[in-house]
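Beneath this line is the structure, given in C-alpha cells, with notes to follow.
The values are calculated or read from the model by the stated rules, or taken from the named source; none is laboratory data. Quick caveat: nothing in here was measured; it's all calculated off a predicted structure. As a convention, Cβ positions derive from the backbone with ideal geometry for all residues, glycine included, and neighbour counts pool all protein chains shown.
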Amino acid sequence: MEVKAGLGLIGEELEVKRKLCITIGKDGIIESIGGYNECKNYLGGEGLIVIPQPANSHVHSGDNSFPEYGISEGLHELVAYPNGLKHRLFKTLPYQKIVSGIREFYITSYLMGMGLLIDFREGGGVGCLASKEASRGLEDKLKIVTLGRPGPNFPENCDGLGISAPLDYDPDMLKVLIKQQRYSQTHVAEDMENRRKRDLELAIELGFDTLVHGTYLEEQDIVKISDKGVNLVFCPSSNLWHGLRFPPIDLAIKQGITFALGTDNAAWSLPDIYREANIALLYLRSKGLRSDEIAKILLRALFINGYKIVDMTPSTISEGNKAKLLLIDGENSGILRSLNTYSAILKRSQFGFIRYRIDGADVLDVKITKDLNLH
Ligand SMILES: [Zn+2]
C-alpha cells in the first residue's frame, strides 16, 4: 500500500517533511518514506497530512457509563473510595453494562485516532477483565494498558497497578505489589489535601514508576521526580473541571522534564488528547511560553513520551515501524498553509478533520464507521 501526503511528521524527531510517499508492506510495516514520484497507486493525496497516532496516557474508561453526572459536586464527593458518587453508581450497574460502557469509550478513542490508552480500572481483577472483554477486536489497532487496583481477583487480567492515591492503602502492601507488577502508577498531589499529607514523598519512597496529576507540585518537587527517573502525566482539563488549579506544566518545561498527557475520567472528558494539549498550550502562553517549539514539546508528549512511560516503542513514522498513522485534511484545517507547522498540527488536528486511520495493513475511512470491521 502507498500513502501520499502533502506533509508529514517523520521519525522520532517529528521532522516536518513535504510531498511524501509512504510505502507499507503487506505485513503492515513501513518499507520506505520517499517523494511523490514513488507513489503510483496510492491512498490519500496532496491535500492530506500524515501524523503518528497519539497516546492518551491517563483515562478511567469505567465511568463512561454515566457521562456528566454530578456536575455540581467536588472531586472527593465524586471519586473518593468507597462512598464517592462514582463508586455508588458502579454498584448499581450490572457487569455487562460496565463492559459495554467501556467498549463505547474504546471505540470513541479509536475513531478519535488514539494509538494507546493507559486505563485505570476500578474493581480489582474483575474490573481489568471488563477492560479485556471490552477491547475484543481492537487489540491490533488501539493498544490498551489496563492498570488495576486491589480488589476482587486482583491482579488477574491487569497489566499492572494503578491506584487513586498512595495514602489510600497500606504502604507495606503497596511495596510488595509495586515489586510484583510490571507497571506501577498512582495519582499524586491532585489536590492540596493529599499534597499536605506528603503523598509525593510516600509515592517516591514506595517506588511507583509513574505519577499522575501533580497538580499541586512545586518546582523542587518536579526536579525530585525527574532525578528519581519517575514519569509524570498531566491532565489539565480534569483538574480545571474539578475546580482545582492548572498543573505546573510550565515548570516541567522550564526544567527540561518530559511528561505525557491524559484526559482522565470518561464521565467528564472525551478521550480527545488534542483538545487536552490545546488547553495546555493556552496555559503555557499565559505563562509567556510562546513559540512553535512549545507546540512541538506538547506533540512529543502525545507521540513519544506517552508510549515510553509504558516501555512501548513510539508509533512514529519511521522505516521498519508498524504503520500507525492518521491522515488529516490539511487544506480545510489550514495546516498545509501554516508557517508554524507544529502549532498548526496541535491546534487543528481535530476529530472532524481525520480522514483515515491506518493500523498496519488495515485502513479505516473514519467517516464510514460501518466499516469498523471489529470482531
Ligand atoms: Zn485519574
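Hey, among the residues in segment 236-266 that are small (Gly, Ala, Ser), surrounded by fewer than 24 Cβ atoms within 10 Å (Cβ to Cβ) and closer than 21 Å to Leu85 by Cα, which one's nearest to the ligand (Cβ to nearest atom)? Break it down stepwise before answering.
Taking segment 236-266 and keeping what is small (Gly, Ala, Ser), we get 237-238, 243, 252, 256, 260, 262, 266.
Then keep just the ones that are surrounded by fewer than 24 Cβ atoms within 10 Å (Cβ to Cβ); that gives 237, 243, 252, 256.
Keeping just the survivors that are closer than 21 Å to Leu85 by Cα gives 237, 243.
Numbers: Ser237: 12, Gly243: 16 Å.
By that ranking, first place goes to Ser237.
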Counting only residues in segment 57-115 that are closer than 30 Å to Ile304 by Cβ and touching a Phe, Trp or Tyr at 6+ places or on another chain (Cβ under 6 Å), the one nearest to the ligand (Cβ to nearest atom) is identified as His60
If you go through segment 38-64, how many residues are farther than 18 Å from Gly25 by Cα and free of Cβ contacts under 8 Å to residues at least 60 places away in the same chain? 2
What residue, of Thr210, Thr186, is touching a residue at least 60 places away in the same chain (Cβ under 8 Å) and either under 29 Å from Gly288 (Cβ atoms) or within 17 Å of the chain's Cα centre (by Cα) (or both)? Thr210
Go through the residues of segment 132-144 one by one and say whether even a single one is within 15 Å of the ligand (Cβ to nearest atom), among the β-branched types (Val, Ile, Thr) and under 28 Å from Met112 (Cβ atoms). no
One residue from Lys17, Lys40 being at pLDDT 95 or above and not assigned by TED's automatic domain parsing to the domain that holds Pro236: Lys17
Exactly one of (1) crowded, with 23+ Cβ neighbours inside 10 Å; (2) away from the ligand (no atom under 16 Å from the Cβ); (3) more than 18 Å from the chain's Cα centre (by Cα) is unmet by Phe154. Its number? (1)
Of all residues in segment 166-182 being outside any helix (DSSP H, G or I) and under 24 Å from the mean Cα position of the chain (by Cα), the one that is surrounded by the most Cβ atoms within 10 Å (Cβ to Cβ): Gln181
